[in-house]
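Enquirer: Let me begin by handing over the structure; questions about it come next.
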Amino acid sequence: MKNEEVGQLIKEYKETGEPLLTLLHKIQNLIPHNHLPAEVLKKVSRELKIPVSSLYSTASFYSMFSLKPRGKHIIRVCSSPPCKLEEYDSLIEAIGEKLNLSIGETTCDGQFTLEEQSCLGLCSLASVMMVDNDIYKNVTVTQLPEILDTYVEE
Amino acid sequence: MKIYRLHVLLSTDSRSILRGALEVETKLKEEIIKKGLENEVQILRTGGWGIEEGVQLTVYPGGLIYVINNVEDIPYLVEEHFLKGRPVKKLMYEIDAPAKVEMTAPIEEEIMKKQTRIILRNVGLINPEDIKEYIAHDGYQALAQVLSTMTPEQVISEIKASELSGRGGAGFPTGFKWELTAKAPAKPKYIICNADEGEPGTFKDRVIMEGDPHSIIESMAIAAYAVGANKGFIYVRGEYDLSIDRLNIAIKQSKEIGLLGNNILGTNFDFDVEVRIGAGSYVCGEETALMESLEGKRGEPRSKPPYPSTEGLWAKPTVINNVETLANIPLIILKGAEWYKGLGVEGSRGTKVFTLFGDVNAKGVIEVPFGFTLKELIYEIGYGIKGGKNLKLVQLGGSSGSFITPEHLDVPIDWNSVRKIGAGQGSGAILVLDETRCVIDFLKNLLAFFNHESCGKCVPCRVGLPKALDLLNRVTSGNVEIDELGFMEELANVMKNTSFCGLGQAAANQILESLKYFKSEFINHIETGYCPANKCGRL
């Protein structure tokens, strides 16, 4: 579970006094399946002398952190009103059909997780969706297969 | 210094980049070299003007705006305008209103004639990644003036005299906030810039951070001097990548030339700023929740009092101001409180940035003095409703905001007037819905958002929202009795009165306002089993 690398990040955290959320972001990026596993939180807890309960309480609060394993790629569809006025509903439906997935779920092959995204402030480009860190604008159902295919591994 | 014949300002905010601004830049450079114009035409990256079409190029002298939707148009533009000096009409910005509005006049005349840009003064004009351009536009002059000629008390009394009020939604007087922190005995003190902009449909802060990041840093330094703080944090949403980058670049540049750090400008004032990144939580925009999050905890709101002014971050006196509020500070110092008070109306001084969205012809970011009516904003600056339809509803202030119906379009948008009709202007988002939109569908969507963002700390919000959503779902599936609408109203009233923070209260407000203005639509759905907008599926 990437023990050494996590240990290194914790060491840097102690030295630089960076914020806890940044540490958790870094650890999550390191762990396969984009999440914060229990054993990692326990390790952080032991080394930083922060109770597991408070780490859990922090990690479970923010939507960018996940305690459950997620897919290799995370699809986030913006669900704020300007995007809902456009294509949101049909996008969720089409993704659901193509990948057999509903919001919060991960595909069986561990490739994709579908999540809702809060407003990205790109309302003139609605509907907006993200795959990992890539933002897609004016997305329609017809473009969807092409977008998703670029993330499917050969 | 090299003198160029033409200066081309290229919008490179995150919206423009998604529209292909970087490809436009590459192509422009190629074509300019092809035509041998590299010593005559300079391309400068700037923030966005607030126009939401394509990638904008503003060409000076002249100030004509081109909107590029296709890079293939660039060779023609370069040849015609840059080489031969003939402006290309077909690529100019135009608004797709019933009577096509062509922007063939310079930007100052057409777009800005109805706007007053104080907060957005540099956005779209300067390169946000170059401190020299900010300084050339009087940047850091206010800080220098404050440090060399004013006492902290004088700074506070100037800000108080300007009657600047917080732009995050609550409208609390900024000078008063600063004074409370300045008088608090505990040390150290902190300055926080609230850049956790998550209100759906609002992105004014993003536009400022991406277009003029130094103005925030300068203002924070002035605030720090005024209250006696030496450390500041900018709390930015994790999703705002470009804002984070540009703020970090700005901080680095300011440090390099000694505008941040120790002994700023040769005085004994020290100040340092750090960018802190959120992790996806709407409620963290609430100031005390934001402080919890900065401390590395769950972003749950604290009970007030004590207020942050005396017990804020790590229980120390803290000034927390919104991005837009801070961006006002340098001009108030440079031009004086009296000048500032000349803008806006009694009780609401200065200007306000609005994001105009939904079914309106000219969407975008606009800045006007307080006191404009929604009618002026929607029909003059926004060039009316798309497709010439009628207006049904305006949601003012984002999802936590208020419903404004057509009969209130003439109410001026300032704190007092809006309050009189029981509304609030919130973050400044203006979402326009035309007559074909379904209020129930819209409300469902709002409640789903609040339900997702509820932190779960208090019962009325945590339990009330799923209940209300369930009721709405039953309205649209035709499985509800008419008198259950009374229950929905009662539920909303309980949520409004007993929720711990603004989130639950705001959610309840949306229910109450929908019922107040559009009850007939609910009844219609229930009685006829039919959604006039054809949004709610088969009932």
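The values are calculated or read from the model by the stated rules, or taken from the named source; none is laboratory data. In this text, all values refer to a predicted model and were calculated from it rather than measured experimentally. Using ideal geometry, Cβ is built from the backbone for each residue, glycine included, and neighbour counts are taken over all protein chains shown.
Enquirer: Determine the pairs where a residue that is farther than 21 Å from B:GLU38 by Cα, located within region B:1-15, has a partner that is among the charged types (D, E, K, R) with Cβ atoms under 6 Å apart, the partner being 6 or more residues away or on another chain.
Expert: Between residues of region B:1-15 that are farther than 21 Å from B:GLU38 by Cα and residues that are among the charged types (D, E, K, R), the close pairs are B:ASP13/B:GLU210.
Enquirer: Look at region B:224-272 and say how many of its residues are touching a Gly at 6+ places or on another chain (Cβ under 6 Å) and within 14 Å of another protein chain (Cβ to nearest Cβ).
Expert: 2
Enquirer: Among the residues that make up region B:424-437, is at least one of them touching a Cys at 6+ places or on another chain (Cβ under 9 Å) and more than 14 Å from every other protein chain (Cβ to nearest Cβ)? Give the steps one after another, and end with the answer.
Expert: Taking region B:424-437 and keeping what is touching a Cys at 6+ places or on another chain (Cβ under 9 Å), we get B:429, B:431.
Remaining after also requiring more than 14 Å from every other protein chain (Cβ to nearest Cβ): none.
No, that holds for no residue.
Enquirer: Name every residue in region A:59-77 that is out of contact with any helix residue (DSSP H, G or I) (no Cβ under 7 Å at 6 or more places or on another chain) and either within 13 Å of chain B (Cβ to nearest Cβ) or under 19 Å from A:LEU120 (Cα atoms) (or both), in order of residue number.
Expert: A:SER60, A:PHE61, A:TYR62, A:SER63, A:MET64, A:SER66, A:HIS73, A:ILE74, A:ARG76
Enquirer: Here's something else I'd like to know. Based on what the data block shows, is B:GLY258 in a loop (DSSP other than H, G, I, E, B), surrounded by fewer than 19 Cβ atoms within 10 Å (Cβ to Cβ) and either modelled with pLDDT of 95 or more or assigned by TED's automatic domain parsing to the domain that holds B:TYR225 (or both)?
Expert: So B:GLY258 passes the test.
Enquirer: Counting only residues that are closer than 21 Å to B:PHE449 by Cα and basic (Lys, Arg), how many does region A:98-154 have?
Expert: 1
Enquirer: Which condition does B:THR318 not pass, out of (1) in contact with a helix residue (DSSP H, G or I) (Cβ under 7 Å, 6 or more places away or on another chain); (2) among the β-branched types (Val, Ile, Thr); (3) within 26 Å of B:ARG15 (Cα to Cα), if it passes all the others?
Expert: (3)
Enquirer: I'd like the residue in region B:1-15 that is part of a loop (DSSP other than H, G, I, E, B) and within 33 Å of the chain's Cα centre (by Cα) and, out of all such residues, is nearest to the other protein chains (Cβ to nearest Cβ). Spell out the reasoning first.
Expert: Quick first cut of region B:1-15, residues part of a loop (DSSP other than H, G, I, E, B) only: B:1-5, B:12-13.
So of that shortlist, the ones also within 33 Å of the chain's Cα centre (by Cα) come out as B:12-13.
Values: B:THR12: 14, B:ASP13: 10 Å.
Out of the qualifying residues, it is B:ASP13.
Enquirer: Could you list all residues from region B:402-438 that are part of a helix (DSSP H, G or I) and surrounded by fewer than 22 Cβ atoms within 10 Å (Cβ to Cβ)?
Expert: From region B:402-438, those part of a helix (DSSP H, G or I) are B:406-408, B:415-420; that's our starting set.
Listed by number, the residues that qualify are B:PRO406, B:GLU407, B:HIS408, B:TRP415, B:ASN416, B:SER417, B:ARG419, B:LYS420.
Enquirer: Could I ask something else about it? Which count do you get for residues in region B:20-53 that are of a type outside the set (Asp, Glu) and within 20 Å of the chain's Cα centre (by Cα)?
Expert: 6
Enquirer: What are the residue pairs meeting all of these: first residue in region B:441-470, first residue facing chain A (nearest Cβ under 10 Å), second residue assigned to a helix (DSSP H, G or I) and among the basic types (Lys, Arg), Cβ atoms under 7 Å, and 6 or more apart or on different chains?
Expert: B:ASN445/A:LYS84; B:GLY456/B:ARG462
Per-residue answers, yes or no, for (1) free of Cβ contacts under 8 Å to residues at least 60 places away in the same chain; (2) basic (Lys, Arg):
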| position | (1), (2) |
| --- | --- |
| B:GLY175 | yes, no |
| B:LYS189 | no, yes |
| B:ASP196 | no, no |
| B:GLU199 | no, no |
| B:ASP205 | no, no |
| B:ALA221 | no, no |
| B:VAL227 | no, no |
| B:GLY232 | yes, no |
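Enquirer: Same structure again: For region B:16-33, which positions are without any contact (Cβ under 8 Å) to a residue 12 or more places away in the chain and either among the charged types (D, E, K, R) or in a loop (DSSP other than H, G, I, E, B) (or both)?
Expert: Scanning region B:16-33 gives a single hit, B:GLU30.
Enquirer: What are the residues in region B:349-375 that are assigned to a helix (DSSP H, G or I) and either closer than 14 Å to B:ILE119 by Cα or in contact (Cβ under 8 Å) with a residue 40 or more places away in the chain (or both), if any?
Expert: Residue satisfying the conditions is B:LEU374 alone.
Enquirer: When the residues of region B:365-396 are narrowed to those that are under 22 Å from B:SER348 (Cβ atoms) and within 12 Å of another protein chain (Cβ to nearest Cβ), which ends up surrounded by the most Cβ atoms within 10 Å (Cβ to Cβ)?
Expert: Once the filter is applied, the top-ranked residue is B:VAL365.
Enquirer: Considering only residues that are touching a Lys or Arg at 6+ places or on another chain (Cβ under 9 Å) and of a type in the set (D, E, K, R), which ones fall in region A:90-108?
Expert: None - no residue of region A:90-108 is touching a Lys or Arg at 6+ places or on another chain (Cβ under 9 Å) and of a type in the set (D, E, K, R), so the list stays empty.
Enquirer: Does region B:485-498 contain any residue that is modelled with pLDDT of 90 or more, touching a Lys or Arg at 6+ places or on another chain (Cβ under 8 Å) and surrounded by fewer than 17 Cβ atoms within 10 Å (Cβ to Cβ)? I'd like the intermediate steps shown before the answer.
Expert: First, the residues of region B:485-498 that are modelled with pLDDT of 90 or more: B:485-498.
After this cut, where a residue has to be touching a Lys or Arg at 6+ places or on another chain (Cβ under 8 Å) as well, the list is B:485, B:491.
Remaining after also requiring surrounded by fewer than 17 Cβ atoms within 10 Å (Cβ to Cβ): none.
For region B:485-498, residues modelled with pLDDT of 90 or more, touching a Lys or Arg at 6+ places or on another chain (Cβ under 8 Å) and surrounded by fewer than 17 Cβ atoms within 10 Å (Cβ to Cβ): absent.
Enquirer: Output the residues belonging to region B:281-333 that are part of a loop (DSSP other than H, G, I, E, B) and surrounded by 21 or more Cβ atoms within 10 Å (Cβ to Cβ). Lay out the reasoning, then the answer.
Expert: First, pick out the residues of region B:281-333 that are part of a loop (DSSP other than H, G, I, E, B): B:281, B:286, B:295-312, B:316-317, B:328.
Those that are part of a loop (DSSP other than H, G, I, E, B) and surrounded by 21 or more Cβ atoms within 10 Å (Cβ to Cβ): B:SER281, B:GLU286, B:ARG298, B:GLY299, B:GLU300, B:PRO301, B:PRO308, B:SER309, B:GLY312, B:PRO317, B:ASN328.
Enquirer: Still on this structure, please answer the following. Limited to region A:30-53, what total is found for residues that are modelled with pLDDT of 90 or more and polar (S, T, N, Q)?
Expert: The total comes to 2.
Enquirer: Output the residues belonging to region B:242-300 that are farther than 25 Å from B:ARG167 by Cβ and small (Gly, Ala, Ser).
Expert: B:GLY258, B:GLY261, B:GLY266, B:GLY296
Enquirer: Out of curiosity, is B:GLU300 of a type outside the set (A, V, I, L, M) and without any contact (Cβ under 8 Å) to a residue 60 or more places away in the chain?
Expert: no
Enquirer: Is it the case that region A:142-153 has a residue that's under 29 Å from B:GLU210 (Cβ atoms), within 14 Å of another protein chain (Cβ to nearest Cβ), part of a helix (DSSP H, G or I) and under 18 Å from the mean Cα position of the chain (by Cα)?
Expert: yes
Enquirer: When you check B:ALA221 against the structure, is it assigned by TED's automatic domain parsing to the domain that holds B:ILE264, hydrophobic (A, V, I, L, M, F, W, C) and buried (at least 24 other Cβ atoms within 10 Å of the Cβ), yes or no?
Expert: Considered against the rule, which asks whether it is assigned by TED's automatic domain parsing to the domain that holds B:ILE264, hydrophobic (A, V, I, L, M, F, W, C) and buried (at least 24 other Cβ atoms within 10 Å of the Cβ), B:ALA221 comes out as yes.
Enquirer: Next up: Please pick out the residue among B:LYS389, B:LYS363 that is in contact with a helix residue (DSSP H, G or I) (Cβ under 8 Å, 6 or more places away or on another chain) and of a type in the set (Lys, Arg). Spell out the reasoning first.
Expert: Numbers: B:LYS389 fails: in contact with a helix residue (DSSP H, G or I) (Cβ under 8 Å, 6 or more places away or on another chain).
So the residue among B:LYS389, B:LYS363 that is in contact with a helix residue (DSSP H, G or I) (Cβ under 8 Å, 6 or more places away or on another chain) and of a type in the set (Lys, Arg) is B:LYS363.
Conditions (1) over 14 Å from B:GLY285 (Cα atoms); (2) assigned to a helix (DSSP H, G or I); (3) within 12 Å of another protein chain (Cβ to nearest Cβ), marked per residue:
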site: B:GLY169; (1), (2), (3): no, no, no
site: B:LYS177; (1), (2), (3): yes, yes, no
site: B:ILE191; (1), (2), (3): yes, no, no
site: B:MET209; (1), (2), (3): yes, yes, yes
site: B:ALA221; (1), (2), (3): yes, yes, no
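Enquirer: Hey, which of the helices (runs of 4 or more DSSP H) in region A:18-88, taking only ones fully inside, have at least 3 residues that are farther than 24 Å from B:LEU447 by Cα and more than 13 Å from the chain's Cα centre (by Cα)?
Expert: Of the helices (runs of 4 or more DSSP H) lying wholly inside region A:18-88, those with at least 3 residues that are farther than 24 Å from B:LEU447 by Cα and more than 13 Å from the chain's Cα centre (by Cα) span A:20-30, A:38-48, A:52-59.
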